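Taking it in order: structure first as structure tokens, then the write-up.
The values are calculated or read from the model by the stated rules, or taken from the named source; none is laboratory data. These numbers were taken from a predicted model, which means no experiment stands behind them. Cβ coordinates were reconstructed from backbone atoms using ideal geometry, including for glycine residues, and neighbour counts include every protein chain displayed.
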Amino acid sequence: MNNQKVVTLFFVLLCGILVFAGCSQTEPPEPDEPDEPSVSEHENGLVDISTDQAAYHPGESVTFQLSLDEEMKKGKLVVRYKHLHDLVDEEEIHVGDEQEITWEWTPSDDDFKGYMVEVSLVNEEEDEIDHLNIAVDVSSDWSKFPRYGYLADFHEMEDEEQRAVIDRLNRFHINGIQFYDWQDRHDHPLKTENGEVASTWNDIANREVSKLTVETYIDLAHEKNMKAMNYNLLFGANEYYEDEGVKREWGIFKDPNQQEQDRHHLPEEWRELYLFDPSNAGWQQFIFEKEQAVFDHLAFDGWHVDQLGHRGQIWNAFGEEIELWKTYPVFLEKAKHALGVDLVLNAVSQYGQAEIAQSPVNFLYTETWEQPYYEDLKRIIDENWEFSNKELQTVLAAYMNYDLSHSPGQFNTPGVLFTDAVIFASGGAHIELGENMLANEYFPNKNLEIPDELHEQLINYYDFSVAYQNLLRDGVEQVKKEVYSNDISITSHAEIGSVWNFTKQKENKEFLHFINFTEAASMEWKDKMGEQTEPEWIHDVPITIHSEQEVEKVWLASPDIDQGSALELEFEQEGDQVYFTLPALKYWDMVVIEYK
């Protein structure tokens with residue numbers, strides 16, 4: 001079949017879905033009017049959709065809640081439940097006068113599976129008026145596909161305010177939350193008074209923390225099947241630590257004669273922070289007892305353990321030089337034995353990650369500082385997969401628009417979406433969403449607002465990451481693949497002016513990722529000043545791949561097209577060459593080749 005027929009057939013299918021956007025069945029949509037997710041586009045039909053949990057155990061029912069525009073009085077919903085490209089279930093729901101519709105669906109008993117749920121609003125003439133998608137994750141263990149978020153404000157607040165934060169994170173399917181700087185002191189995280197947990201205390205920056213707020217957030221997270229992770233350093237104590245029972249001889253020192261204890265310099269109005277040897281048995285026993293007190297009184301599920309990266313040349317109290325990375329495995333093993341909870345340890349700029357990966361952590365976490373380029377993000381994820389013997393997932397703390405965050409403004413949508421596209425396509429996750437979005441290492445920073453456009457597009461990106469998790473990060477292997485086009489530059493390395501392509505494989509499927517850097521302003525993912533440019537749509541790109549296997553099916557899915565729904569593509573195979581047309585590309589497309 002020639003390329004023109006391929007494009008025509010694709011747009012007939014796409015336009016049938018996009019009637020509400022004004023697309024006819026004989027003309028493709030205008031390049032500047034793709035099916036982008038926006039609440040404003042659903043004024044005459046579907047407004048929003050949510051699920052009651054971030055993830056589900058096998059056999060557990062999913063409850064959906066759908067809001068309709070008040071003008072919609074008659075019609076029906078056609079709900080299609082898909083795993084990857086395959087339809088696994090379908091049902092119709094009558095629409096009456098109600099503006100909120102709730103229904104349940106029970107997926108199969110298969111564990112660790114992602115679904116895309118496509119909801120179409122159809123009128124009495126069987127014409128589609130509107131549609132919305134949402135993903136569903138069925139996973140008994142959150143660390144199989146971690147989607148990590150954060151909380152950083154714990155002052156006294158109304159339950160409704162807290163519930164709104166958790167509901168928002170739930171829409172992004174966040175299944176684990178880091179409670180950042182919730183604690184009183186690093187060496188004594190849970191403040192007590194007369195043998196009871198205090199009602200309030202101050203964090204390291206002297207911001208007030210309410211016990212009730214922390215407890216309520218934990219309970220709300222658990223209602224959504226999210227894990228609550230207690231943040232604390234593995235080796236930190238605040239000033240006057242000896243009054244808390246910490247001994248100076250457990251410390252880390254900047255000289256072999258113990259004249260200067262190593263400390264982390266913080267703003268003047270904050271508490272001082274001194275560092276201790278993670279391999280010291282006295283320190284281990286002390287901090288484990290304090291952490292156990294946290295778990296005894298608050299229903300945290302695990303410990304998000306932080307470090308501070310390479311500290312230069314340091315010594316212990318015996319004048320022996322310390323290599324911190326060597327201390328991490330023993331510390332984590334003993335912490336697991338003592339506490340029996342989920343553990344995650346931040347590898348700052350990958351420091352100690354090879355050793356952490358062989359320790360009892362639930363997944364790998366890298367705070368990226370010295371890896372400035374898009375390709376570095378993929379390299380870290382690939383590296384961590386190998387470090388962990390292809391067992392542990394990766395979450396990246398990759399702070400966007402860093403320099404821009406020093407003063408009020410907005411996040412730059414193209415910068416965020418490019419970074420998420422690279423991380424998700426590479427098989428990783430991005431800790432970025434909480435009460436706001438992360439712009440630097442101090443999580444309470446809220447100088448930058450999230451534009452409405454970015455918020456709505458991120459919903460599609462997170463739906464996509466869940467619906468296709470079995471292709472993105474479920475035991476997939478990278479393969480070399482010859483992919484080229486006569487119309488655009490396609491390269492195996494991320495370069496300005498080209499579409500970056502890499503290919504992965506699982507069972508009888510190969511998945512080709514296309515990330516559009518043809519008009520990028522920079523290859524630095526952090527987009528420090530928010531100057532990354534929005535890519536123009538590219539249409540009707542002929543693609544040729546080399547394959548000696550017989551192809552059965554070719555299909556495309558993209559968070560930028562049709563809210564992530566899978567679309568089958570026509571193809572030709574002549575000998576060891578396979579031809580198909582990429583109908584549209586903005587930030588990121590994934591093309592799946594299924595072989596017989």
**OP:** Just give me the residues in the range 514-538 being under 16 Å from residue 559 (Cα atoms) and surrounded by fewer than 19 Cβ atoms within 10 Å (Cβ to Cβ), in sequence order.
**Re:** 534, 536, 537
Original post:
Does the range 558-581 hold any residues that are in contact with a His (Cβ under 8 Å, 6 or more places away or on another chain), within 26 Å of residue 115 (Cβ to Cβ) and either in a strand (DSSP E or B) or small (Gly, Ala, Ser) (or both), and which are they?
Top reply: 566, 568
**OP:** Tell me, yes or no, whether the range 125-132 has at least one residue that is under 24 Å from the mean Cα position of the chain (by Cα) and modelled with pLDDT of 95 or more.
**Re:** yes
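For residue 257, are the conditions met, namely being exposed (fewer than 15 other Cβ atoms within 10 Å of the Cβ) and either in contact (Cβ under 8 Å) with a residue 24 or more places away in the chain or in contact with a His (Cβ under 9 Å, 6 or more places away or on another chain) (or both)?
Yes: the conditions hold for residue 257.
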Original post:
Which residues, taken from the range 402-433, are surrounded by fewer than 23 Cβ atoms within 10 Å (Cβ to Cβ), without any contact (Cβ under 8 Å) to a residue 60 or more places away in the chain and in contact with a helix residue (DSSP H, G or I) (Cβ under 6 Å, 6 or more places away or on another chain)?
Top reply: none
Subject >> Residue selected from the range 323-348 under the condition of a type in the set (Gly, Ala, Ser) and surrounded by fewer than 16 Cβ atoms within 10 Å (Cβ to Cβ), by the criterion farthest from residue 398 (Cα to Cα) >> reply: 338
Subject >> Selection from the range 227-262 of residues that are out of contact with any Gly (no Cβ under 6 Å at 6 or more places or on another chain), among the hydrophobic types (A, V, I, L, M, F, W, C) and farther than 15 Å from residue 277 by Cβ >> reply: 228
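Residue-by-condition table, conditions (1) over 30 Å from residue 227 (Cβ atoms); (2) modelled with pLDDT of 85 or more:
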{"site": "7", "(1), (2)": "yes, no"}
{"site": "15", "(1), (2)": "yes, no"}
{"site": "22", "(1), (2)": "yes, no"}
{"site": "26", "(1), (2)": "yes, no"}
{"site": "36", "(1), (2)": "yes, no"}
{"site": "43", "(1), (2)": "yes, no"}
{"site": "53", "(1), (2)": "no, yes"}
{"site": "75", "(1), (2)": "yes, no"}
{"site": "95", "(1), (2)": "yes, yes"}
Subject >> Criterion violated by residue 584 - all others in (1) small (Gly, Ala, Ser); (2) under 30 Å from residue 369 (Cβ atoms); (3) assigned to a strand (DSSP E or B) satisfied >> reply: (2)
**OP:** Given the conditions (1) of a type in the set (S, T, N, Q); (2) in contact with a helix residue (DSSP H, G or I) (Cβ under 8 Å, 6 or more places away or on another chain); (3) not in a helix (DSSP H, G or I), report the number of the one that residue 346 does not fulfil.
**Re:** (2)
**OP:** Give the range 394-435 a look and list any residue that's assigned to a helix (DSSP H, G or I) and among the acidic types (Asp, Glu), or say none.
**Re:** 420
Original post:
Any idea which of 280, 257 is outside the structural domain of residue 164 (by TED's automatic domain parsing) and touching a helix residue (DSSP H, G or I) at 6+ places or on another chain (Cβ under 6 Å)?
Top reply: 280
Subject >> Breaking point among (1) at pLDDT 95 or above; (2) in the same structural domain as residue 88 (by TED's automatic domain parsing); (3) surrounded by fewer than 23 Cβ atoms within 10 Å (Cβ to Cβ), for residue 165 >> reply: (2)
Subject >> residue 558 of a type in the set (S, T, N, Q), closer than 22 Å to residue 133 by Cβ and buried (at least 23 other Cβ atoms within 10 Å of the Cβ) >> reply: yes
Original post:
Among 242, 223, which is at pLDDT 95 or above and more than 27 Å from residue 53 (Cα to Cα)?
Top reply: 242
Subject >> Those residues of the range 534-553 which are out of contact with any Pro (no Cβ under 6 Å at 6 or more places or on another chain) and under 17 Å from residue 422 (Cβ atoms), in sequence order >> reply: 535
**OP:** Would you mind stating whether residue 154 is in contact (Cβ under 8 Å) with a residue 60 or more places away in the chain, in contact with a helix residue (DSSP H, G or I) (Cβ under 6 Å, 6 or more places away or on another chain) and surrounded by 22 or more Cβ atoms within 10 Å (Cβ to Cβ)?
**Re:** yes
**OP:** Check the range 380-393 and report whether any residue there is closer than 25 Å to residue 535 by Cα, in a helix (DSSP H, G or I) and not β-branched (Val, Ile, Thr).
**Re:** no
**OP:** Looking only at the range 287-296, decide whether some residue is within 29 Å of residue 398 (Cα to Cα), acidic (Asp, Glu), in contact (Cβ under 8 Å) with a residue 40 or more places away in the chain and in a helix (DSSP H, G or I).
**Re:** yes
Original post:
Within the range 372-387, restricting attention to residues that are over 15 Å from residue 418 (Cβ atoms) and of a type outside the set (D, E, K, R), which residue is surrounded by the fewest Cβ atoms within 10 Å (Cβ to Cβ)?
Top reply: 387
Original post:
Under 8 Å by Cβ, and 6 or more places apart or on different chains, what pairs join a residue from the range 41-58 that is within 21 Å of residue 127 (Cα to Cα) and surrounded by 15 or more Cβ atoms within 10 Å (Cβ to Cβ) with one that is at pLDDT 95 or above and among the acidic types (Asp, Glu)?
Top reply: 42/48
Original post:
Among all residue pairs at least 6 apart or on different chains, which show Cβ distances below 8 Å where the first residue, located in the range 270-283, is in a loop (DSSP other than H, G, I, E, B) and the second is of a type in the set (Asp, Glu) and surrounded by fewer than 24 Cβ atoms within 10 Å (Cβ to Cβ)?
Top reply: 271/239; 272/239
**OP:** Answer yes or no as to whether residue 140 is of a type in the set (S, T, N, Q) and either in the same structural domain as residue 62 (by TED's automatic domain parsing) or in contact with a His (Cβ under 6 Å, 6 or more places away or on another chain) (or both).
**Re:** yes
**OP:** Tally the residues that are farther than 16 Å from residue 583 by Cβ, free of Cβ contacts under 8 Å to residues at least 60 places away in the same chain and not in a strand (DSSP E or B), restricting the search to the range 486-516.
**Re:** 8
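Go over the candidates 441, 456 one by one and state the one that is part of a helix (DSSP H, G or I) and in the same structural domain as residue 395 (by TED's automatic domain parsing).
On inspection, the qualifying residue turns out to be 456.
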